[in-house]
Amino acid sequence: MVNKGFVSLGNHLVLESSNPIKLSVTLVSVMVGFIISCNYLIHSLFWCSVFTLSLIVVSWVWSAVEESMGGSHSKLTLKGFRVGLVMFILSEIWFFIGFFWAYFHICWCPSEDLGGAWPPHEFGATMPDPWSIPALNTVLLLSSGGTVTLAHYYHYLGEFSKAQEFLLYTIFLGVVFFFCQVFEYQVLRTSMESGYYGSIFYLLTGFHGFHVVLGTIMLIVCWFRFGNANMTVARHFGFEFSVWYWHFVDVVWVFVFFLLYYYGYVL
């Protein structure tokens, strides 16, 4: 909700909201639940926190949609959103760079704990085969990148029914990817306790999986907006944000597949 008296001046003044503090507390709960899950194999807090986080994100996004449809977002506001989107994606890129940096440091400068070689001999049987589930997941995400691009294209043409159709295909592929990732975790012999590789493997793939879930939620919100006919060619930043974010998720997975799965397997 915003003060519309400032909109005429090109400003965007947000009124009081509990969403920021709720999101902050829930993120802390997610991290605490993740630590408990890894160390004590008690997963209830983590999954409850993830579910609560999803609800808060949907609630916050829907509030922004209502503001947009009410005419509260000026051109200056939308420009700020786009700058924020770019800054957000850049910050996420640095997160992944940090994880990849740690991975390559272990690969190229193995410590004495690893016998001075990478991968250690005992890891040979636990390294995931890149041409099984990871290859399937790569096909799924790259295909979803194509379908979301088609959805964006048809939206640009004003053919909203086709845009909604291809958006549904994208959501389906994202959900299948998520369950394939969960299945891979169930069948892998590598765990968080499997030394350096296990820790970095689950951090990288799990962090990426979190982004897939978040991106899928945003696409679902956009799909409902298409269904309610409140997405226009002129005002569609939420959809544009979701498309950019989904392409970011696609690109990151390509690096994860080739650098973590393939490169780690063929060494």
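Can you sort ILE171, ILE133, ILE35 so the residue with the fewest Cβ neighbours within 10 Å comes first?
Final ranking by Cβ density, sparse to dense: ILE35, ILE133, ILE171.
For each of HIS155, HIS247, HIS236, HIS105, count neighbouring Cβ atoms within 10 Å of the residue's Cβ, then give the residues from fewest to most.
Final ranking by Cβ density, sparse to dense: HIS105, HIS247, HIS236, HIS155.
What's the extension gain from LEU214 to TRP101 if we count 0.36 nm per residue and subtract their Cα-Cα distance?
Taking 0.36 nm per residue and subtracting the Cα distance, the gain is 38.3 nm.
Neighbour counts of other C-beta atoms within 10 Å: give me LYS162, LYS79 arranged from fewest to most.
LYS79, LYS162
Can you compute the FRET efficiency between TRP94 and ILE35 using 1/(1 + (r/R0)^6), with r the Cβ-Cβ distance and R0 = 25 Å? Round to the nearest 0.05.
It comes to 0.65.
Could you calculate the FRET efficiency of ILE21 with LEU157 from 1/(1 + (r/R0)^6), where r is the beta carbon distance between them and R0 is 30 Å, rounded to 0.05?
Once rounded, the FRET efficiency stands at 0.15.
Express in nm, to one decimal, how much length is gained between VAL175 and HIS43 on full extension, taking 0.36 nm for each residue of separation and deducting their alpha carbon distance. Provide the component values of the computation, followed by the final result.
Details: separation 132, 0.36 × 132 = 47.52 nm, distance 2.07 nm.
Length gained between VAL175 and HIS43: 45.4 nm.
If I take R0 = 30 Å and measure r between the Cβ atoms of GLU165 and PHE237 in this structure, what FRET efficiency does the formula 1/(1 + (r/R0)^6) give, to the nearest 0.05? Write down the numbers at each step before the final one.
Numbers: r = 22 Å, r/R0 = 0.72.
For GLU165 and PHE237, the calculated efficiency is 0.90.
Read the figures in this text as sums done on the coordinates, not as results from a lab. Bear in mind that the values here come from a model prediction, so they are computed numbers and not experimental data. Positions of Cβ are generated from backbone atoms using ideal geometry, with glycine treated the same way; all protein chains shown enter the neighbour counts.
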